[in-house]
Amino acid sequence: MPKPVNVRVTTMDAELEFAIQASTTGKQLFDQVVKTIGLREIWFFGLQYTDNKGYITWLKLNKKVLSQDVKKENPLLFKFRAKFYPEDVAEELIQEITQRLFYLQVKSVILTDEIYCPPETSVLLASYAVQAKYGNYSPEIHKPGCLANDRLLPQRVMDQHKLTKEQWDERIT
């Protein structure tokens, strides 16, 4: 019997480990991931990997995992990411986990500047993120420095405006 191959799939908030057979298709691995995380709105997502030339590529669901140009590491590394974005988020993203995965991915690509977000919009989105996480602002509860451990703005935006962390906290809250 052929030896199973170890696979690690990183979602935006978890790391999953699987053992697959040489005959496992991309669809079988994808189905195993979405079943494990309890995702039903699967059509927006896919599995990414870094190929042998160093390019980020989407796993083809109709082909065997091992027949694709996946860098041969142990374990094989994949990222579970949104592949398609909905036109109307409020209408199309029903499940809470789907909304959370999108939120975490969009936040990540904005903070790392993979997607450009104007400074004003970055501050507005940061304020939404703070309200979603901590609720309405209250000076009695939210003391100065309460956001010190939260990464809320791209470094470019913070560098562009010479403000202290406390001044940013005031503008965001």
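The values are calculated or read from the model by the stated rules, or taken from the named source; none is laboratory data. Predicted, not measured: the structure shown is a model, and the values here were computed from it. A quick note on method: Cβ atoms are made from the backbone with ideal geometry, for glycine too, and the neighbour counts reach across all protein chains shown.
Things to note:
- Within the range 1-20, if we keep just the residues that are surrounded by 15 or more Cβ atoms within 10 Å (Cβ to Cβ) and of a type in the set (A, V, I, L, M), the residue that is nearest to Y49 (Cα to Cα) turns out to be V9.
- D159 being under 23 Å from the mean Cα position of the chain (by Cα) and either loosely packed, with under 15 Cβ neighbours inside 10 Å or among the aromatic types (F, W, Y) (or both): no
- Every condition in (1) under 30 Å from Y128 (Cα atoms); (2) without any contact (Cβ under 8 Å) to a residue 60 or more places away in the chain holds for T24 except the one numbered (1).
- Elements of type strands (runs of 3 or more DSSP E) contained in the range 21-111, each with 2 or more residues being crowded, with 17+ Cβ neighbours inside 10 Å: 45-50, 76-82
- Only one entry of V123, V157, V130 meets the criterion of being under 30 Å from I42 (Cα atoms) and in a helix (DSSP H, G or I), and that entry is V130.
- Residue within the range 160-172 that is modelled with pLDDT of 75 or more and closer than 24 Å to F102 by Cα present: yes
To keep it simple, each residue is scored yes or no on (1) basic (K, R); (2) under 26 Å from Y103 (Cα atoms); (3) touching a helix residue (DSSP H, G or I) at 6+ places or on another chain (Cβ under 9 Å).
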| site | (1), (2), (3) |
| --- | --- |
| T11 | no, yes, yes |
| E15 | no, yes, no |
| A22 | no, no, yes |
| T36 | no, yes, no |
| G46 | no, yes, yes |
| K71 | yes, no, no |
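- Residue in the range 96-103 that is out of contact with any Gly (no Cβ under 7 Å at 6 or more places or on another chain), within 23 Å of L125 (Cβ to Cβ) and among the hydroxyl-bearing types (S, T, Y) present: yes
- Only a single criterion out of (1) over 20 Å from the mean Cα position of the chain (by Cα); (2) at negative phi; (3) not β-branched (V, I, T) is not satisfied by G135, namely (2).
- Taking the conditions (1) within 24 Å of E17 (Cβ to Cβ); (2) assigned by TED's automatic domain parsing to the domain that holds F30 in turn, Q95 satisfies each one other than (2).
- Residues of the range 107-123 that are within 15 Å of R81 (Cβ to Cβ) and without any contact (Cβ under 8 Å) to a residue 24 or more places away in the chain: K107, V109, E114, I115.
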